[in-house]
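Here's the structure, in structure tokens; my notes come after.
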Amino acid sequence: MSAKAALTLLRANLDQLRSSGRTRVALNEHGREALRHLVREPLTSRANAGPKRVFEQPAPLPPPGPTTPAPVVASQDLIEVPGSSLEEQLAHLAAMAEDDPKPRALGTLRSTMVFAVGNPRSEVMFIGEAPGAEEERQREPFVGPAGQLLTKIIAAMGAKREDVYISNICKFRPSTGEGQGSGNRQPTKDEMNACLPYIRTEISLIRPRVIVALGATASTGLGIEGPVGRLRGKFQAFDGVPVMITYHPSYLLRQEAEGRGNEAKRAVWEDLLKVMEQLGWPISEKQRGYFKPKA
Ligand code: URA
């Protein structure tokens, strides 16, 4: 059978599964190998996906990661979005968030909506708490000091900011009243709940293989309660997707200012090594050693 015919058959099978309600198909290594052969490129991202993940060094075929159970996305709270492509659906979803009267009716959030950035076909989705001053100004998540650190962390993982998907649990900057300046506060539960259908729908559309929740606000917003210190280091789950909770980059910046930066960075790095292992991303010995205390 020609590769084109095989792809057509595969697409027809997948369409059939989708119309019967299945949105995920687990592939074993044999199936992955067959697909790799068909498309003649490593499946670092989804087949037929947009931009490929780019590594700093030419990447060998990633070793097969542990098989991730097929995520089951809860249907409650999902917003139905029109659109014939993922990009179109996300653009619609962002427009809906912008016009949604619910978060605005709280009267505690500022008016600029900041949605998300990155590759919607990424295997990994980072979720922070809410936009700050710089994010609000640029209408893009994680572009201030914490965002610059997050971009460096992503580079240390061997990816680029534009390869991954970055979003926030709350789509508006929480208000502290008039003359707010550069000051920020964490979003309240009501504020996060008003935005929860958006992040939940984003997750169902992006279908990441792993979510990284940055800080306790993001994890609480996803309904996973507890301090980061207790939750980090092992996978939790949200709507069937594995979630690694780790410290927020702002916490790393604060720890650094107090001279404890390395210890906190190592903790985050150990969490992210687990994420990379789960995704089957290549990890060099050098990467394994980042932020290890000198013996
Ligand atoms: N902190 C967050 O949690 N999100 C942003 O977008 C910026 C800073």
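The values are calculated or read from the model by the stated rules, or taken from the named source; none is laboratory data. Remember, predicted model here, so these are calculated numbers, not experimental data. FYI the Cβ positions are ideal-geometry reconstructions off the backbone, even for glycines, and counts take in every protein chain you see. Ligands, DNA and RNA are excluded from the accessible area calculation, which covers all protein heavy atoms including side chains. Shrake-Rupley method; radii C 1.70, N 1.55, O 1.52, S 1.80 Å.
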Carbon plus sulfur, as percent of the 1.4 Å-probe accessible area of segment 44-288, comes to 51
Kirkwood Rh over alpha-carbon pairs of segment 44-288 plugged into Stokes-Einstein at 25 °C, 0.890 mPa s gives a D in µm²/s of 134
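What length, rounded to one decimal in nm, is gained on full extension from GLN138 through to GLU162, with 0.36 nm per residue of separation minus their alpha-carbon distance?
7.1 nm is the gain from fully extending GLN138 to GLU162.
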Probe 1.4 Å, heavy atoms of protein chains only: per residue, the accessible area of segment 44-288 in Å² is 44
Across the alpha-carbon set of segment 133-274, Rg over Rh with Rh taken as the Kirkwood radius works out to 0.94
From the Cα centre of segment 199-273 to that of segment 277-295, the distance in Å is 18
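Classify segment 159-201 as rounded, prolate or oblate from the Cα gyration tensor: take a ≥ b ≥ c as the square roots of its eigenvalues, call it rounded if a/c is under 1.5, otherwise prolate when a/b beats b/c and oblate if not.
It comes out oblate by the Cα gyration axes.
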Binned at 5 Å starting from 0, the alpha-carbon pair-distance distribution of segment 211-295 in whole percents comes out as 3, 15, 24, 22, 19, 12, 4, 1, 0
Taking r as the C-beta separation of HIS92 and LYS294 and R0 as 45 Å, the FRET efficiency to the nearest 0.05 is 0.30
Flagged as over-length at 22 Å C-alpha distance, from LYS102/LYS171; LYS160/LYS265; LYS152/LYS189; LYS160/LYS189, the pairs are LYS152/LYS189; LYS160/LYS189
Amide H proximity to ASN168 below 5 Å, modelled H, separation 5+ or other chain, gives GLY128
With DSSP loop assignment and no more than 15 other C-beta atoms within 10 Å, the GluC sites (Glu not before Pro) in segment 228-295 are GLU258
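Please say if segment 188-259 is rounded, prolate or oblate, where rounded means a/c under 1.5 for a ≥ b ≥ c the square roots of the C-alpha gyration tensor eigenvalues, and otherwise the choice is prolate for a/b larger than b/c and oblate otherwise?
Prolate, because a/c is 1.5 or more and a/b exceeds b/c.
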Applied in sequence order to segment 171-188, the curve 6.51 cos²θ - 1.76 cosθ + 1.60 (Karplus, θ = phi - 60°) yields integer Hz couplings, x standing for Gly and Pro, of 8, 10, 6, x, 8, 10, x, 4, x, 5, x, 9, x, 10, 9, 6, x, 7
Magnitude of the Cβ-charge dipole (Lys and Arg +1, Asp and Glu -1) of segment 81-194 about the Cα centre, nearest 20 debye, reported as 240
